[in-house]
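**Q** Structure below; questions to follow.
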């Protein structure tokens, strides 16, 4: 079961502390959102799951955490200064601005019976660069500036030799990074689907030319499997091959993993065959290599970004396979998948995969501020927290029904109630989120019970 509409998700997210409009007390800022107590845990768990799958569980991928401020020179040779843009049109009457490729007609989208603007007087589309520029140094005179990175990929490419030299890696191998990116979207939309500040989970996998198509297929399959493991139904996933005329300038082929969001079918993750464009663009002495991609002549680079084949002794520029996913889009898809409205039980529940749940267990003293119950609850909470499986929370409100309802809505897999019977026989009530089944568990066995429950985390 999924959410019926985006409004249901937005309401739940604000009510239960997942996501808030940024700068909310001043009316918010379009295209910017803050992740609250539950949202930051869900987001972190998703990122940890990705990192575990692409770094910890493999022996051919290294990690990187690079700077957000990016040299204009990097983005010049990557093509971003010339090509990283969207078509912008203005309404000459109401002065509103829109992406030309999202207009359904030649009329201003603000027209209609409830709007004063019904004009067709729109400007011609023009390229609008999406990158944010910021001054470097104490004086903002335009002489020294940097960009807030529009993607995490470029810093991976310019660190290629550093990682090669420090790890002795040879293709096939990858470099993974999770981090902030910034795009000055003309029309942010659909909650956290398209925003101006977001995080990417990005992998650049370097392979020998000629093996790139096999590796491309491999990573498409890997990414589909991973999303399924996060609880995303295959019924709502669709694999779309991007048409040649719509490919990015660096791409030989791209597959988009599409998901049926509440607002429609949109890209969840892209898996691109970037060829040898990226390392070829940033390397010195480009003429020494048989670069397949069309690259800008580079007279600024100081470093050779090439690999020597051990058998032929010939130097070559690796091809790059890039799976790239937005964290916020991933969170939105997972929230949508987990959202369940049970009319028969009169409850809303987030049936999240347990490894993604913001709170792993809620420990609830039956009576608020009863010292015997609260002290025992704190002891159990500390014992479970020490197992390192995720956040465990104390709920000392005394209202068991409201506590169950709250934790159903934030996706807590189990609630552990400390009641007066606990003081008599040293057992607690454990309630399962999905089935609502309750059972008594001996306190001495609660850690084992809890660990078994989360054994697949």
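The values are calculated or read from the model by the stated rules, or taken from the named source; none is laboratory data. Keep in mind that what you see is a predicted model, and the values were worked out from it rather than measured. Note that each Cβ is placed from the backbone with ideal geometry, even for glycine, and that neighbours are counted across all protein chains shown.
**Q** Looking at (1) at pLDDT 95 or above; (2) under 22 Å from residue 78 (Cα atoms); (3) part of a loop (DSSP other than H, G, I, E, B), can you tell me which one residue 231 breaks?
**A** Here residue 231 clears every test but (2).
**Q** Got at least one residue in the range 21-31 being assigned by TED's automatic domain parsing to the domain that holds residue 262, closer than 26 Å to residue 269 by Cβ, touching a residue at least 60 places away in the same chain (Cβ under 8 Å) and not in a loop (DSSP other than H, G, I, E, B)?
**A** Scanning the range 21-31, I find no residue that is assigned by TED's automatic domain parsing to the domain that holds residue 262, closer than 26 Å to residue 269 by Cβ, touching a residue at least 60 places away in the same chain (Cβ under 8 Å) and not in a loop (DSSP other than H, G, I, E, B), so the answer is no.
**Q** Quick test for you: out of 81, 107, 41, pick the one residue that is out of contact with any helix residue (DSSP H, G or I) (no Cβ under 7 Å at 6 or more places or on another chain) and touching a residue at least 24 places away in the same chain (Cβ under 8 Å).
**A** After applying the criteria, what remains is 41.
**Q** Any residue at all in the range 217-229 that is more than 23 Å from the chain's Cα centre (by Cα) and crowded, with 20+ Cβ neighbours inside 10 Å?
**A** no
**Q** If I ask for residues that are without any contact (Cβ under 8 Å) to a residue 24 or more places away in the chain and in a loop (DSSP other than H, G, I, E, B), which ones from the range 262-293 would you list?
**A** 284, 285
**Q** Can you find, within the range 315-357, the residue that is farthest from residue 11 (Cα to Cα) among those that are without any contact (Cβ under 8 Å) to a residue 24 or more places away in the chain and out of contact with any strand residue (DSSP E or B) (no Cβ under 7 Å at 6 or more places or on another chain)?
**A** From the range 315-357, those without any contact (Cβ under 8 Å) to a residue 24 or more places away in the chain are 342-344, 346; that's our starting set.
Still in the running and out of contact with any strand residue (DSSP E or B) (no Cβ under 7 Å at 6 or more places or on another chain): 343-344, 346.
Working: 343: 18, 344: 21, 346: 17 Å.
Looking at residues that are without any contact (Cβ under 8 Å) to a residue 24 or more places away in the chain and out of contact with any strand residue (DSSP E or B) (no Cβ under 7 Å at 6 or more places or on another chain), I get 344.
**Q** Here's a follow-up. Do you know which residues across the range 68-83 are over 21 Å from the mean Cα position of the chain (by Cα) and in a loop (DSSP other than H, G, I, E, B)?
**A** Passing the criteria: 71, 78, 79.
**Q** Just one of the numbered conditions (1) at pLDDT below 95; (2) crowded, with 16+ Cβ neighbours inside 10 Å is not true of residue 282; which one?
**A** (1)
**Q** Turning to a different aspect of this structure: Name the residues in the range 191-207 that are touching a strand residue (DSSP E or B) at 6+ places or on another chain (Cβ under 7 Å) and not in a strand (DSSP E or B), would you?
**A** Here is the first cut: in the range 191-207, the ones touching a strand residue (DSSP E or B) at 6+ places or on another chain (Cβ under 7 Å) are 192-193, 195-207.
Of everything in the range 191-207, those that are touching a strand residue (DSSP E or B) at 6+ places or on another chain (Cβ under 7 Å) and not in a strand (DSSP E or B) turn out to be 192, 193, 195, 196.
**Q** Right, next: Quick test of your reading of the structure: residue 250 fulfils all but one of (1) in contact with a helix residue (DSSP H, G or I) (Cβ under 8 Å, 6 or more places away or on another chain); (2) buried (at least 20 other Cβ atoms within 10 Å of the Cβ); (3) within 16 Å of residue 323 (Cα to Cα); (4) at pLDDT 95 or above. Name the failing condition by number.
**A** (4)
**Q** Answer yes or no as to whether residue 212 is surrounded by fewer than 20 Cβ atoms within 10 Å (Cβ to Cβ) and either within 16 Å of residue 322 (Cα to Cα) or within 15 Å of the chain's Cα centre (by Cα) (or both).
**A** The answer is no for residue 212.
**Q** Please specify each residue of the range 43-62 satisfying the condition of being over 18 Å from residue 353 (Cβ atoms) and outside any helix (DSSP H, G or I). Before you say what the answer is, go through the steps one by one.
**A** Within the range 43-62, the subset over 18 Å from residue 353 (Cβ atoms) is 55, 58-62.
Correct list: 58, 59, 60, 61, 62.
**Q** Determine, yes or no, whether residue 269 is crowded, with 23+ Cβ neighbours inside 10 Å and in the same structural domain as residue 154 (by TED's automatic domain parsing).
**A** yes
**Q** Hey, among 65, 86, which residue is assigned to a loop (DSSP other than H, G, I, E, B) and either touching a residue at least 24 places away in the same chain (Cβ under 8 Å) or within 30 Å of residue 200 (Cα to Cα) (or both)? I'd like the intermediate steps shown before the answer.
**A** Details: 86 fails: assigned to a loop (DSSP other than H, G, I, E, B).
65 is the lone residue from the list that is assigned to a loop (DSSP other than H, G, I, E, B) and either touching a residue at least 24 places away in the same chain (Cβ under 8 Å) or within 30 Å of residue 200 (Cα to Cα) (or both).
**Q** Let me ask something additional. What number of residues in the range 369-415 are within 19 Å of residue 441 (Cα to Cα), surrounded by fewer than 18 Cβ atoms within 10 Å (Cβ to Cβ) and touching a helix residue (DSSP H, G or I) at 6+ places or on another chain (Cβ under 8 Å)?
**A** Summing the residues that are within 19 Å of residue 441 (Cα to Cα), surrounded by fewer than 18 Cβ atoms within 10 Å (Cβ to Cβ) and touching a helix residue (DSSP H, G or I) at 6+ places or on another chain (Cβ under 8 Å) in the range 369-415 gives 4.
**Q** Okay, next question. Out of the range 1-20, which residues are in contact with a helix residue (DSSP H, G or I) (Cβ under 8 Å, 6 or more places away or on another chain) and in a helix (DSSP H, G or I)? Walk me through how you get there before you give the answer.
**A** Filtering the range 1-20 for residues in contact with a helix residue (DSSP H, G or I) (Cβ under 8 Å, 6 or more places away or on another chain) gives 2-3, 9, 12-13, 15-20.
Of everything in the range 1-20, those that are in contact with a helix residue (DSSP H, G or I) (Cβ under 8 Å, 6 or more places away or on another chain) and in a helix (DSSP H, G or I) turn out to be 9, 12, 13, 15.
**Q** State all residues of the range 387-444 that are without any contact (Cβ under 8 Å) to a residue 24 or more places away in the chain, assigned to a helix (DSSP H, G or I) and closer than 22 Å to residue 42 by Cβ; if no residue qualifies, say none.
**A** If the condition is that a residue be without any contact (Cβ under 8 Å) to a residue 24 or more places away in the chain, assigned to a helix (DSSP H, G or I) and closer than 22 Å to residue 42 by Cβ, then 402 is the only one that fits.
**Q** Residue 219 is checked against (1) over 20 Å from residue 156 (Cα atoms); (2) modelled with pLDDT of 95 or more; (3) assigned to a helix (DSSP H, G or I) and fails just one. What number does that condition carry?
**A** (1)
**Q** Then there is this: Could you figure out which of (1) under 28 Å from residue 86 (Cα atoms); (2) over 17 Å from the mean Cα position of the chain (by Cα); (3) at pLDDT below 95 isn't true of residue 158?
**A** With respect to (1) under 28 Å from residue 86 (Cα atoms); (2) over 17 Å from the mean Cα position of the chain (by Cα); (3) at pLDDT below 95, residue 158 is out only on (3).
**Q** Okay, next question. Mind listing whichever residues of the range 134-169 are touching a residue at least 12 places away in the same chain (Cβ under 8 Å) and part of a loop (DSSP other than H, G, I, E, B)? Before you say what the answer is, go through the steps one by one.
**A** Start the filter on the range 134-169 by keeping residues that are touching a residue at least 12 places away in the same chain (Cβ under 8 Å), which leaves 134, 136, 145-161, 163-164, 167, 169.
Result: 136, 149, 150, 151, 152, 159, 169.
**Q** Quick one: in the range 358-368, of everything that is within 25 Å of residue 52 (Cα to Cα) and touching a strand residue (DSSP E or B) at 6+ places or on another chain (Cβ under 8 Å), which residue is surrounded by the fewest Cβ atoms within 10 Å (Cβ to Cβ)?
**A** Only one residue tops the list, namely 359.
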